[in-house]
Amino acid sequence: MKLFGKYGYLLIFSVLSWNLVAQSHETPAGQPAQHQTTPADEYPEKHALPDHAEAAAGTEAHHGTNPCGHTAGEAGEFNAGENAVHHISDANAIHVIGNFYVNLPCILYAPGHGWTLTTTAAFHAHHHGNGTVAKDGYVLVHGNVMRVQDPSFPKGEVPVGEPAHQDVTNADGKTKTVYYTSYNNTCYALDAKTTYDGGILGGGVTSFSDFSITRNVFTMLLTAVLLFFLFRAVANAATRNRGKAPKGLQNFIEPFYTFIRDEVAKPNIGPKYEKYMPYLLSAFFFILGLNLIGQFPLFPGSANVTGNISVTIVLAIITFLISTFSANKHFWEHTLWMPGVPAVLKIFILTPIEILGVFLKPFTLLLRLFANITAGHIVILSFVSLIFILGKSGTSMTGSIAGIAASIPLTLFMMALELLVAFLQAFIFTMLSATYIGTAIEEPHHH
């Protein structure tokens with residue numbers, strides 16, 4: 001079985017490449033419940049602290065008195081929404097428990113300063129994912145690498161205080177959160193990584209680009225490796241047992257293959273289905289593998305890969321490209337200039353709608369997968385948050401017990417439902433992809 005043909009390799013390579021270069025913008029979470037909005041000119045990219053404030057930035061930050069602003073990760077009123085978003089976001093390090101992290105490679109580039117190759121171990125992260133050491137102007141804030149804006153910041157490894165943030169209002173009246181780190185009695189403003197989202201998701205071009213192996217990229221690589229060995233074992237078993245009834249792992253995987261072939265590819269694509277089977281199978285098992293690994297709450301699981309819109313965008317674009325470049329004359333004729341329809345209707349109504357429909361199809365793919373997986377993770381984390389909400393962050397034992405009693409059955413129910421969704425979303429994406437490809441290559445019916 002050629003489950004990973006040329007389209008399969010294209011799929012994996014494209015998703016990894018896109019996620020490395022243009023990951024969706026994820027601002028470090030953990031902001032306190034109350035904020036003070038400050039005019040931009042009062043918080044420039046660098047400002048001095050009062051005497052002895054550098055020590056306060058490190059020792060008093062945990063009490064909310066960081067002189068650079070609100071400490072990132074400071075204790076405050078528990079916010080279930082921010083907690084959920086923080087846990088499903090991508091990061092440059094994988095938090096396991098306490099201060100223990102799985103450190104990942106950091107590949108960073110700043111124009112005029114060149115490349116910085118290191119790992120997140122260089123930042124000496126603690127429980128909140130904040131680094132206590134800066135390396136070549138880069139710091140770690142809630143597990144995400146940020147860069148000091150001021151070019152005079154010292155190179156090499158230097159100790160820094162707890163990162164902090166302020167809500168800053170610019171000249172246009174728009175408010176954004178600016179993060180700071182402190183070194184040598186001075187607060188330094190930080191830049192997030194460059195994201196090519198045109199500002200739609202709150203990102204934009206900044207002072208550096210991050211090509212690192214993040215948690216999501218690590219999970220995709222892990223999934224690709226596991227699938228490779230899985231299907232290699234199945235292929236070897238099929239070769240050994242040629243002409244015999246399948247058994248073992250082959251017997252487990254073959255019904256999935258048969259289902260995609262007989263219930264998805266053949267009915268929707270038709271006689272030419274074999275050409276597109278490698279892509280359909282690769283997409284189905286790749287999405288399914290990512291969904292299942294994301295269900296596991298402990299390392300190496302828990303990553304929200306298919307809930308990252310950058311990943312679903314690439315998957316949808318691949319389907320779009322395959323269906324568009326496979327489309328025949330019959331498809332384009334009925335899309336651009338439908339026979340038997342008055343020209344006025346074609347020009348002003350039908351043709352614009354059909355063209356719009358061609359570009360809306362990938363949006364249905366990317367949004368459905370992204371929204372369903374993200375929503376499931378957020379609901380599960382919200383149920384777990386009942387423990388902290390009812391227990392008032394540990395101050396009410398009775399409330400904590402009530403929260404545990406409520407959250408455990410609800411969470412188990414949602415995890416069982418999410419297991420179904422993991423298979424369902426992989427199937428729906430594959431089914432719609434096959435439908436779009438089949439529509440594009442359908443031959444005209446002659447009566």
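Readers should treat all values here as calculations from the given coordinates under stated rules, not as data from a laboratory. Every value quoted in this text rests on a predicted model; they were computed, and no experiment measured them. All Cβ positions, glycine included, derive from the backbone under ideal geometry; neighbour counts span all protein chains shown.
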Under a Cβ-Cβ cut-off of 14 Å, what is the net charge of the residues other than residue 333 that fall near it, where Lys and Arg count +1 and Asp and Glu count -1?
-1
In nm, give the distance between the simple-model label positions of residue 368 and residue 102, each being 7 Å from the Cα along the Cα-to-Cβ direction.
3.1
For 106, 68, ascending order of other Cβ atoms within 10 Å (fewest first) is 106, 68
Which of the trypsin sites (Lys or Arg not before Pro) across region 221-307 are loop residues per DSSP, with 14 or fewer other Cβ within 10 Å?
242, 244, 247, 272
Contour minus end-to-end for residue 347 and residue 132, with contour as 0.36 nm per residue of separation and end-to-end as the Cα-Cα distance?
71.1 nm
Measure out, as a whole number of angstrom, how far apart the alpha-carbon centroids of region 309-329 and region 287-304 sit.
25
Kindly give Rg over Rh for region 152-191, based on alpha-carbon atoms, with the Kirkwood expression for the hydrodynamic radius.
1.07
Starting with the highest mean, order 150-158, 120-128 by the number of other Cβ atoms within 10 Å, averaged over the residues of each peptide.
120-128, 150-158
Could you tell me which chymotrypsin sites (Phe, Trp or Tyr not before Pro) in region 248-354 are loop residues by DSSP with no more than 13 other beta carbons within 10 angstrom of their beta carbon?
none
Distance cut-off 24 Å, Cα to Cα: go down the list 272/346; 275/361; 329/361; 272/329; 135/174 and report the pairs above it.
272/346; 135/174
Based on alpha-carbon centroids, what's the gap between region 341-356 and region 122-168 in Å, whole number please?
55
